[in-house]
Amino acid sequence: MNVVVCVKQVPDPNSVGQLDPSTHNLRRDGVEVVLDPGDEFGIEAGLQLAEAHGGKVTVVTMAPEKGLDAIRKALAMGAAKGVLVSDPSLAGADALTTAKVLAAAIRREGFDLVITATESTDGYTGVVPQALAEYLGVPAVTFAKAIQSDGSSLTVRRQTEAGYDNVEAVLPAVVSVTAGVNEPRYPSLKGIMAAKSKPVDRLSVADLGLDGLVPGQAIVSVQPAEQRKAGEVVEDDGTAAHRVVEFLAAKKVI
Amino acid sequence: MALDRVWVFAEVLDGQPITPALELLTRARSLGGTVEAVCLSPEAESAAAALGDHGATTVYAGTDPAYADLLLGGPGADALAALAGEHSPDLILFPTTYTSRDVAGRLAAKLDVPVISNGLDVSVDGGISVESSIFGASQNVSTRFEGRGPAIALIRPKSFAAEPSGGGAPRIVPVEVPIADQHRSARVVERVIDKATGPKLEEAPIVISGGRGLGDPKNFALLEEFASLVGGAVGASRAVVDAGWVPYAMQVGQTGKTVKPTVYIACGISGAMQHTVGMKGAKNIVAINKDAEAPIFKLADLGIVGDVLKVVGQVIEELKARQT
């Protein structure tokens, strides 16, 4: 089973993000970037399936040059190959453009299964997996909490508002995985060393035969949001629990 | 600009439209133009009354039994694309639910028109714009659709209250777009409804959420006990969901659920922006954390600096004592 996993390098989720005031693109300078924590689950899911059924895992990312770090981490975890689509024209790309570019890169590799996270931690439009599936002409089995496979089809436990659905899908397909779907492995020292000699294709938009990618939306204003006022902060002196109960009583919820 | 026609995509659960769709119909009524709903479910016709009651004058109803067994993303996008070609809506609103996200994302790709996600409101002043908040709700962003339509927007649940319009029964227009074979390769073989032991996270008057500060997954049992004593629901920060302590369904925040309870109690949660975007709309916030510098205290009406397990344990004892 050949699996393509889409990954993304994002500003450290624990840092406070900023938009460039003139372009309204995400500022990436001076901000530590990391492999999106949500992507580790997809890489792990891909590795488990490839290990069980044969085949390999290829990681694809669309990012500035720095995105190579995300690919290296995935390669160190066990992926066989990386593809980095990097092009100045893609700065500030919207969800649809991202999906178009990823679809073109994935088609070039060939795939039985494409795995993504449910959304990125920085942009979180949450529609790239679905748009990707539309461009690839395959079903999108989204929000997977568990994946099983016999090699040619998948059984996916899909998160719903009410509980979950059990979904059976014949490959090829796109699957988006939720955080916690598995326990991502740590790269071993051997893995980190091996990653250095694994192949990474570097592609531009022209290499993918795409052009005229025009975003159909524009940020027209950015304003500071109204902030909540902080209330009272007290050190627990043994009476804090009582304060909490009194608070709940005062708000008439108990 | 004036809108001629606004559509709301309405999923159906147990024969009724889901509440977030009714919220969008309520908002759509004040945008100007004709408000209509698209509903793809064997139960679409029974759901139409409630859609009409919330402002839809027409319901495009697809009642193919296969809609119940397939993932709606592919066939939903096909049906909407065909309908949009025929009726040219200016704007199609989707609630940010799992399935509506699937339909909206595929539809945007199919029509090659932009989709704007995570909306909190939509406006039609000089073009259609979607308001959203970013960086943990520290900044509000307005994004405008450009180029041809329809504009596709995903709006987070609970952005508006659902209110009946007193409108009459809607006109029902059957949708007869065939379901393509390619969408039949994925099928829902079983739908499992979680047995709720208490109120749903999105509806509970008290939400008690846990984070890393709880120290160990098993300490969530303490929050469950607290919640059961007050009729509340238990939520979680992304950090503990990522760590596999609790399921994704419990996640409150940017990539999880938005909750607006009467009281939100953050236990051992530092207050990363990821999280606060999902709970800052609570009427009242209590935070318990050992780190006095934790950002969560900037939002809290009552902040307790202390040992979260000890404080919650004592709260439980006191609540039990009150009840006897």
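The values are calculated or read from the model by the stated rules, or taken from the named source; none is laboratory data. Predicted model only: the values in this text are computed from it and were never measured. Cβ: placed from backbone, ideal geometry, glycine included. Neighbour counts: every protein chain shown.
Miscellaneous remarks
- Residue list for the stretch B:264-314, filter: more than 10 Å from chain A (Cβ to nearest Cβ), surrounded by fewer than 22 Cβ atoms within 10 Å (Cβ to Cβ) and within 22 Å of A:GLU226 (Cβ to Cβ): none
- Selection of first residues in the stretch A:219-234 that are facing chain B (nearest Cβ under 7 Å) and surrounded by fewer than 14 Cβ atoms within 10 Å (Cβ to Cβ) and of second residues that are assigned to a loop (DSSP other than H, G, I, E, B) and of a type in the set (S, T, N, Q), restricted to Cβ pairs under 9 Å at least 6 apart or on distinct chains, gives the following pairs, ordered by first then second residue: A:PRO224/B:SER138.
- Selection from the stretch B:100-117 of residues that are surrounded by fewer than 23 Cβ atoms within 10 Å (Cβ to Cβ) and of a type outside the set (Lys, Arg): B:LEU111, B:ASP112, B:VAL113
- Restricted to strands (runs of 3 or more DSSP E) entirely inside the stretch A:75-182, those with at least 2 residues that are more than 8 Å from chain B (Cβ to nearest Cβ) are A:81-85, A:113-117, A:140-149, A:153-159, A:173-177.
- With a requirement of 1 or more residues that are small (Gly, Ala, Ser) and in contact with a Gly (Cβ under 8 Å, 6 or more places away or on another chain), the strands (runs of 3 or more DSSP E) lying completely within the stretch B:107-183 that satisfy it span B:115-123, B:129-134, B:151-155.
- If the condition is being surrounded by fewer than 17 Cβ atoms within 10 Å (Cβ to Cβ) and acidic (Asp, Glu), then the stretch A:5-59 contributes A:ASP12, A:ASP20, A:ASP29, A:GLU32, A:GLU51.
- Considering residues of the stretch B:180-209 that are within 7 Å of another protein chain (Cβ to nearest Cβ) and among the charged types (D, E, K, R) only, the residue surrounded by the fewest Cβ atoms within 10 Å (Cβ to Cβ): B:GLU190
- Put simply, of B:VAL141, B:VAL122 the only residue that is within 22 Å of A:LEU19 (Cβ to Cβ), crowded, with 16+ Cβ neighbours inside 10 Å and more than 11 Å from chain A (Cβ to nearest Cβ) is B:VAL122.
- Residue in the stretch B:154-176 that is facing another protein chain (nearest Cβ under 9 Å) and out of contact with any helix residue (DSSP H, G or I) (no Cβ under 9 Å at 6 or more places or on another chain) present: no
Okay, residues lined up against (1) under 30 Å from A:THR23 (Cα atoms); (2) under 22 Å from the mean Cα position of the chain (by Cα); (3) touching a residue at least 24 places away in the same chain (Cβ under 8 Å):
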site	(1), (2), (3)
A:LEU136	no, yes, yes
A:ARG157	no, yes, no
A:THR160	no, yes, no
A:VAL177	no, yes, yes
A:PRO184	no, yes, yes
A:ALA195	no, yes, yes
A:LEU203	yes, yes, yes
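- Residue within the stretch B:315-323 that is part of a strand (DSSP E or B), within 10 Å of another protein chain (Cβ to nearest Cβ) and surrounded by 19 or more Cβ atoms within 10 Å (Cβ to Cβ) present: no
- Out of B:VAL207, B:VAL177, B:VAL130, B:VAL189, sole residue that is within 30 Å of B:LEU229 (Cβ to Cβ) and either within 17 Å of the chain's Cα centre (by Cα) or at pLDDT 95 or above (or both): B:VAL207
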